[in-house]
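Report on the following structure.
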Amino acid sequence: MIEVKNLVKHYGSVRAVDDISFSVEKGEILGFLGPNAAGKTTTMRIITGYMPATSGTVRVAGYDVFEDSLEVKRRIGYLPETPPLYFDMRVRDYLKFVARIKGVEPKTIPVEIERVAERISITDVLDNHIGKLSKGYKQRVGFAQALLNNPPVLIFDEPTNGLDPRQIIEVREIIKSLSFDHTIILSTHILPEVSMTCNRVAIINEGKLVKIDTPDNLQTQLQGSEAVTLEVEGPIEEVQAAIQQLNQVTAITVQPSRKENVATYRVETAAGTDLRKELAATVVQNSWGLLGLKSEGLSLEDIFLRLTTKEEEVN
Amino acid sequence: MGNIWTIFKRDLKGYFSSPIAYVVIGLFLIVTGIFFYLLLSSFLQYSYAVMMQQRGGMAVNVNLMMIRPFLLNMSVIVLFVIPMITMRSFSEEKKSGTVELLLTSPLTTTQIVFGKFLATYLLYFVMVAVTFLFMVFLFIWGKPAFWPIFLGYCGILLMGGGLVALGNFISSLTENQIVAAVGTFGATMLLWVIGFAGDLSGKVLGEIFRYLSIVNHFEDFSKGVFDTSHLVYYLSLSFLMLFLTYQSIESSKWRG
């Protein structure tokens, strides 16, 4: 449904998007995950035809976003980070306006507004002024606007940003309910959101696509690279050196405790290995004190941090 | 065409559902009304004096002595009012983010530019048209010549086309309405005073300056003289500004 190839976007000398390629199948929900200013919004804006790319191509439903931008725009419903609302209009008039510019058949506009309003549950505020609605309702009107003319592709930029917890849950419900008959791209910097709503996650950092996979796969892939934490009593530098010498250790982080010579070591190892026995043996051989040892998987939060933190290399 | 109409209608409703249209039109009517009153009373005093001195001598001409100065005054007053009409046009959409809706909808930039221009122009048109009521009084109690008045109003409307397009262009450059208004005001003032500069500079340069001055082109209209060169000037100014607006919207896409 959506095909992005070698997308690059410069702002002056800054590379906002740096060679991103991915594709989204029909009916999928793809989540863009990344810190602020990672290039999520820019990528979305290019897909929607709001701005052209410096190089690379985007095709939506077979149409090139640059060549056939009107055809692409007809097939995308877009909710930007700040919902594009005219505060001095009533909700119904606003939706009428959007329906017109999106090319909904004039005769069917009232029906279309009813359909969308029911789906997003804003029927009761249709005659209110947009400026007087609560933040949650404003966001809903933003969703309603994107759904007009029933586009097959929906793009939501940070749809839960700035909402209170109850509203966030409501918005997630809306997105889930839309996933049955739409292809969706959404962006967020909140991790649990991705695993809750998306089929696939694209982790973006500094304009680059770091990883794209299902949330489960991301989790198991990195869970394979088992992390073990152990608490050892012994000279910290020596302990660290000894652990480092073990096979398949990829990273160690040390957290000294208040007691002298006691520290917690977090040891990460390559996929599919369990180093607990070797670690224990090493500690005992050097006659240090082993105070604790436990194996742990990486949460999506860790993955995100690992993938988007500069100092650490993943692979 | 349908899309231009949709944008035009929404913008126009926006102007008339907020105080801005009423404030601008009201202000304009007050200022032009004051000038009308002053010109009319001095004209009446003068014609009364003439009547007393020369029994049935040469007639005084209301078109020449009263309406023409009034139209010339109005052509300057609109320079001050137009920035207030056009400042919202694009700036507001940029500020509130609704420009993102327009640019991701299946609309062409041309449709957006024309729709918005026409909405601001209609507001201007209504504002100028209301002052025609003053003329109606003259027709009720006097016998002014109709065609010079008609041509004068055509001139005001044509000049306004260029200035409203200019205001739209400047509004498309910024998301700050105040900046848009001040910028437009500066530009219109420049187009006005450049005529004075024309009188002070050398022959060739003076001619160029006088040609560029937007108010100079109105003088013939105010006399009731129609000259196509003025029509060409106003229309070219309008289209140039609309073209620049189009370019500014297109290039803002590239800049982000």
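For this structure, a couple of remarks:
- Size descriptors for chain B, from the alpha-carbon set: Rg then Dmax equal 20.4, 74 Å.
- With a simple spin-label model that places each label point 7 Å from the Cα along the Cα-to-Cβ direction, the separation between residue A:252 and residue B:1 comes to 7.9 nm.
- Sites residue B:220 and residue B:30, calculated FRET efficiency, Cβ-Cβ separation with R0 30 Å, nearest 0.05: 0.60
- R0 of 35 Å, Cβ-Cβ distance residue A:173-residue B:9: FRET efficiency to nearest 0.05: 0.50
- By the count of other C-beta atoms within 10 Å, a proxy for reagent exposure, A:197, A:43, B:174 are ordered fewest to most as B:174, A:197, A:43.
- Shielding score for A:70-77, defined as the mean number of other chain Cβ atoms within 10 Å: 2
- Most tightly packed first, judged by the mean number of other beta-carbon atoms within 10 Å of their residues, the peptides A:280-290, A:13-23 read A:13-23, A:280-290.
- Ellipsoid semi-axes in whole angstrom, largest first, where each is sqrt(5λ) of the Cα gyration tensor of chain A: 48, 21, 15
- Toward the positive end of the charge dipole of chain A, with +1 on the Cβ of Lys and Arg and -1 on the Cβ of Asp and Glu, the farthest Cα among A:29, A:130, A:227 is that of A:130.
- Pair-distance profile P(r), taking every C-alpha pair of the range B:1-123, with 10 angstrom steps and integer %: 11, 30, 21, 16, 11, 7, 3, 0
- Gyration tensor verdict on the range B:96-237 (Cα atoms; rounded if a/c is under 1.5, prolate if a/b is larger than b/c, oblate otherwise): oblate
- Inter-chain neighbour count for B:105-111: the average number of beta-carbon atoms from partner chains within 10 Å of each residue's beta-carbon is 5.
- Between residue B:228 and residue A:21, the FRET efficiency estimated from the beta carbon spacing at R0 = 60 angstrom works out to 0.55.
- Using a Gaussian network model of chain B in which every pair of alpha carbons under 10 angstrom is joined by a spring, one finds that among B:45, B:111, B:53 the greatest mean-square fluctuation is at B:53.
- Cα centroids of the range A:47-82 and the range B:130-202: 41 Å apart.
- Distance between the 7 Å Cα→Cβ label points at residue A:287 and residue B:48: 12.5 nm.
- Each residue, residue A:190 and residue B:95, gets one label point 7 Å from its Cα in the Cβ direction; the gap between the two is 3.0 nm.
- For the range A:226-297, projected area of the alpha-carbon convex hull averaged over all directions, nm²: 4.2
- Within the range B:224-256: backbone nitrogen closer than 11 Å to the residue B:64 label point (7 Å, Cα to C-beta): none
- Neighbouring Cβ atoms from other chains, within 10 Å of the Cβ of residues in B:91-104, number 6 on average.
- Estimated dipole of the range B:139-234 in Debye, rounded to 20 [Cβ of Lys and Arg +1, of Asp and Glu -1, Cα centre]: 180
- Scoring B:62-73, A:113-124 by mean Cβ neighbours within 10 Å over their residues and listing the highest first yields B:62-73, A:113-124.
- Contact order normalised by residue count of the range A:98-241, Cα under 8 Å, 6+ apart, percent: 16
- This model, with +1 at the C-beta of Lys and Arg and -1 at the C-beta of Asp and Glu, gives the range A:226-297 a dipole about its Cα centre of some 120 debye.
- Think of the protein assembly as shown as having a plus end and a minus end, set by charges on the Cβ of Lys, Arg, Asp and Glu; of A:218, A:94, B:51, B:51 sits farthest toward the positive end of this dipole.
- The range B:34-122: GluC sites (Glu not before Pro) falling in loop per DSSP and having at most 12 other Cβ within 10 Å: none
- DSSP-loop chymotrypsin sites (Phe, Trp or Tyr not before Pro) across the range A:122-223, with at most 12 other Cβ within 10 angstrom: A:180
- Rg and Dmax over the alpha-carbon atoms of the protein assembly as shown stand at 34.0, 133 Å.
- Restricting the trypsin sites (Lys or Arg not before Pro) of the range A:235-271 to loop positions (DSSP other than H, G, I, E, B) with no more than 12 neighbouring Cβ atoms within 10 Å leaves A:258, A:259.
Readers should treat all values here as calculations from the given coordinates under stated rules, not as data from a laboratory. Predicted model, so just to flag it, every value in this text is computed and none were measured. Glycine also receives a Cβ, built like all others from the backbone with ideal geometry; neighbour counts cover every protein chain displayed.
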